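*Asks:* Got a structure for you, questions after.
Values in this text are rule-based calculations from the coordinates and carry no lab data. These numbers come from a predicted model, not from an experiment. Glycine also receives a Cβ, built like all others from the backbone with ideal geometry; neighbour counts cover every protein chain displayed.
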Amino acid sequence: MKIVCVGAGPAGLYFAILAKRRDPSAEVSVLERNPEGVTYGWGVTFSDDVLDSLYAGDPESAARIRDDPASWGDQLVTLGDQTPAHLGGYGFAIGRHRLLEILAERAAELGVRISYQHQVELAEFADADLVVAADGANSAIRERHAERFGTEREAGRNHYIWLGTSKVFPEFRYAFEPTEAGWIWFYAYPFDHRTTTFIVECAPATWAGLGFDQLDPEQTKAALERIFARHLDGHPLLIQSRDQHVSPWLHFTWITNRAWYHANLVLAGDAAHTTHFSIGNGTKLAIDDAIELDRQVGRQPDLDAALKAYQQERIAAVGARQRFARASAAWFEDAEEFTQRSPTRFAYSLRTRMDSSRPEPGGVSWLLHLATQLRLGRHARRWISAARRRQRNRQRGRAA
């Protein structure tokens with residue numbers, strides 16, 4: 001079987017790994033338009049569920065990923081200069097560059113051919129049995145058949161910018177700051193021993209009121225360093241910009257597709273779907289796409305049946321996550337409405353933003369949240385979380 005994966009992101013590389021493991025005789029290629037080692041973005045988050053999936057798919061690369069990430073055992077919410085509130089919980093993050101490096105190394109070990117700086121032409125796939133379009137939200141491959149895929153785009157309301165900082169936060173941090181033009185906030189999480197992902201978001205009126213529509217990337221960075229100075233402790237913000245004259249601010253774009261395959265061409269990762277960055281599921285969904293596609297190709301009697309089953313399974317699963325993501329994005333678009341609450345109630349609203357059954361404090365969830373504000377309660381949650389992590393690590397070891 002000849003397989004071509006367009007895009008050396010998590011979906012394309014991981015599917016290549018799985019396909020080669022399942023059928024070592026298969027001819028598997030990954031084509032990437034960027035040079036080797038060049039990627040845009042900072043750290044990506046993942047959870048124990050993602051690690052479980054990685055171990056089930058390829059224990060070798062999973063072990064390398066598990067040994068490399070940063071982790072945190074709390075989430076902190078600050079509202080202006082008031083006493084911070086705690087959300088508890090734990091998670092992991094790894095640099096996007098490092099994640100892709102691990103996956104590319106593993107793919108090459110298995111015999112996958114990876115070609116960088118490769119500008120794709122569909123004619124070169126004429127003899128391929130399967131072509132996987134995993135070339136991102138702006139997929140050029142998908143766009144050539146956009147009508148058949150039924151691709152739809154929808155822009156979010158808020159402005160956001162994806163930055164880094166040399167300030168290494170010990171926990172996942174949300175910080176909301178008032179300005180003369182309105183509230184502006186960041187999400188921050190460490191992904192190695194020297195760098196933190198730093199995502200800034202605000203409403204359109206705040207963005208314009210602070211003059212960001214007039215500032216170039218360096219001026220934008222300097223303005224944000226002033227706004228968040230008390231959180232950065234003198235550390236600079238870091239910016240990645242392909243063009244120093246173009247604003248680095250973005251609107252999140254929702255991507256959906258009515259169909260996920262056409263003939264032998266199938267979508268995966270952001271080419272198939274996007275989910276708002278506030279729930280941190282992009283990498284998870286890309287990996288899950290790769291796993292399900294490989295599973296169906298391996299079990300179905302022919303390729304069309306496999307792609308049809310893959311489409312059915314993943315549209316349902318991703319649709320559920322997109323509904324959660326839309327609820328999360330909507331909360332942040334209306335975040336200023338909640339800023340008059342106490343930090344504890346504000347943090348509870350943030351924590352339960354994707355659960356419409358718990359719009360107001362009450363019940364066991366609220367009591368757990370109150371307990372998390374106490375040092376003893378946080379200690380108990382961390383102890384329970386550590387025990388769960390050890391148990392899952394033992395289970396992964398046995399599975400591997």
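*Asks:* Hey, fewest Cβ within 10 Å first, where do F198, F149 land in order?
*Replies:* Ranking F198, F149 by Cβ neighbours within 10 Å, fewest first, gives F149, F198.
*Asks:* Using the basic label-point model (7 angstrom from Cα toward the beta carbon), what is the R323 to S115 distance in nanometres?
*Replies:* Distance between label points: 4.2 nm.
*Asks:* Let me ask you something else. Just to be sure I understand: if I project the alpha-carbon convex hull of the range 159-238 onto a plane and average over all orientations, what area do I get in nm²?
*Replies:* The Cα convex hull of the range 159-238, projected and averaged over all directions, gives 4.7 nm².
*Asks:* Still on this model: Quick one: length gained pulling V168 to R22 fully straight, 0.36 nm per residue minus the C-alpha distance?
*Replies:* Full-extension gain reported as 48.6 nm.
*Asks:* Packing-wise, with mean Cβ within 10 Å as the measure, how do 110-117, 185-192, 269-276 rank, highest first?
*Replies:* The densest-packed peptide leads the list: 269-276, 185-192, 110-117.
*Asks:* Straight-line reach from K308: which lysines fall under 26 Å, measuring Cα to Cα and dropping same-chain residues less than 8 apart?
*Replies:* Counting by Cα, and skipping residues close in sequence, K308 has these lysines nearby: K2, K20, K284.
*Asks:* Given the Cα-Cα distance of D213 and A229 and 0.36 nm per residue of separation, how much length would full extension add, in nm?
*Replies:* So the chain would gain 3.6 nm between D213 and A229.
*Asks:* Also, I was wondering about something else. May I have the pair-distance distribution P(r) for the range 86-228, computed from all Cα-Cα distances with 10 Å bins from 0 and rounded to whole percent?
*Replies:* 8, 26, 26, 25, 13, 2, 0
*Asks:* Can you put D49, D289, D294, D74 in order of Cβ neighbours within 10 angstrom, beginning with the fewest?
*Replies:* Going from sparsest to densest Cβ surroundings: D49, D74, D294, D289.
*Asks:* Using the number of other C-beta atoms within 10 angstrom as an exposure proxy, rank M354, M1 with the fewest first.
*Replies:* Going from sparsest to densest Cβ surroundings: M1, M354.
*Asks:* Here is a follow-up. Would you mind checking the tilt of helix 96-109 against the longest principal axis of the Cα atoms of the chain, expressed as 0 to 90 degrees and rounded to 10?
*Replies:* Once rounded, the angle reads 20 degrees.
*Asks:* What angle, in degrees between 0 and 90 and rounded to the nearest 10, separates the Cα long axis of helix 303-333 from the longest principal axis of the Cα atoms of the chain?
*Replies:* 10 degrees
*Asks:* If you line up the long axis of helix 282-299 against the longest principal axis of the chain, both from Cα atoms, how many degrees apart are they, to the nearest 10?
*Replies:* 30 degrees
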